[in-house]
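The values are calculated or read from the model by the stated rules, or taken from the named source; none is laboratory data. Keep in mind that what you see is a predicted model, and the values were worked out from it rather than measured. No Cβ is skipped: glycine too gets one built from the backbone with ideal geometry, and neighbour counts run over all protein chains shown.
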Amino acid sequence: MNVKDYEYILEISRWGSISKAAEKLCITQGALTKYLQRVEHELSASLFLRNGNRLVPTKTGALYLAKARQIIDLDHELSEEIARLNSSQDAAIRFGYPMGMHAFVMEFLLPAFFAEYPEASIRLEEDSSRAVIQELDEGKLDLCLAYASEKSSALEYDLLAVSRMVLAVPSDSPIVKLGVREEGQPYPVLGNPLWLQQPYIQIAQHTRSGKAAERYFRQIGRRPSSRVYVDDTRSALSAVEQGLGNCLLTAIPHTDKLVNYMILPDLPPEEQEVYLIYRKKESLNKSFKGLIRLAHRLYEEF
């Protein structure tokens, strides 16, 4: 069946007559009769009974008509959405990312992207890595930047980097001067335990960073006094930037320009793989590929 079949049957119901419906549809009465007979044959059920001079729906017919209206509405909705997409040469990219990467996306990735693609558009979704990956898998997003340990066979995982745990401290903290540059380390190494006596920003333990920090404190048998409790890395970075305390978290590209990252020698290498993820066999337009390329470039510079 196609949408035309549903429209024809609805027209018969509307007028209660094949001849009147055929007239409104600008086809012959015989052609419409054949349409009805074919549909009833395919369904192995009658859709109409004659009541005097009028055709009235059977119980099966009433069900068919109700579903036919829904199908036609969905068809119109689909056509409108496709038309909206086709009205732009480069439709909006539905892009998701975890909340902790807010500063990276807003202050670095998007400005670089729009500098190259000023006519492009992006629809943003900010949530946990698990949530944006699920939305991508369900077709609600086109691309996401996320941490991923488990992988879906329906998705393509483009590895950006392997991020490690660091201690984030305010830029004006005296702790910064205690850091020592060591070969092979991306940030100064902090051997002095003075930071444990300073206020701490605690990230919720349902997050990766929160869990890793808790394991570390159990390992060393000490923990700093928590001043602020937050639910995500984004809030933690903001709190550190405002000088409210230090925080153990996963290093995020370029946000060390807002705070200072430091390496703790006894901190286990809690690494997280960062990916750009999209659906397999996805048709990638120019700006889509450009967004992926720029994310790679910014991570490589990191």
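The table below gives the values:
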{"item": "Matching entry among Val230, Val240 (being in the same structural domain as Pro170 (by TED's automatic domain parsing), out of contact with any Gly (no Cβ under 7 Å at 6 or more places or on another chain) and closer than 19 Å to Asp127 by Cα)", "result": "Val230"}
{"item": "Any strands (runs of 3 or more DSSP E) falling wholly within the stretch 193-286 and containing at least 3 residues that are without any contact (Cβ under 8 Å) to a residue 60 or more places away in the chain", "result": "200-203, 226-230"}
{"item": "Condition check for Leu110: at pLDDT 90 or above and either over 18 Å from Thr233 (Cα atoms) or surrounded by fewer than 17 Cβ atoms within 10 Å (Cβ to Cβ) (or both)", "result": "yes"}
{"item": "Answer from Tyr278, Tyr200 - the residue that is in contact with a strand residue (DSSP E or B) (Cβ under 7 Å, 6 or more places away or on another chain), crowded, with 18+ Cβ neighbours inside 10 Å and in the same structural domain as Ser121 (by TED's automatic domain parsing)", "result": "Tyr278"}
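Conditions (1) in a strand (DSSP E or B); (2) of a type in the set (S, T, N, Q); (3) modelled with pLDDT under 90, marked per residue:
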site: Arg130; (1), (2), (3): no, no, yes
site: Lys140; (1), (2), (3): no, no, no
site: Ser152; (1), (2), (3): no, yes, yes
site: Asp158; (1), (2), (3): yes, no, no
site: Ala168; (1), (2), (3): yes, no, no
site: Ile175; (1), (2), (3): no, no, no
site: Gln185; (1), (2), (3): no, yes, yes
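Here is a yes/no grid of residues against (1) under 16 Å from Ser287 (Cα atoms); (2) among the small types (Gly, Ala, Ser); (3) surrounded by fewer than 16 Cβ atoms within 10 Å (Cβ to Cβ):
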site: Ala92; (1), (2), (3): yes, yes, yes
site: His102; (1), (2), (3): no, no, no
site: Met106; (1), (2), (3): no, no, yes
site: Glu126; (1), (2), (3): no, no, no
site: Ser149; (1), (2), (3): no, yes, yes
site: Asp158; (1), (2), (3): no, no, yes
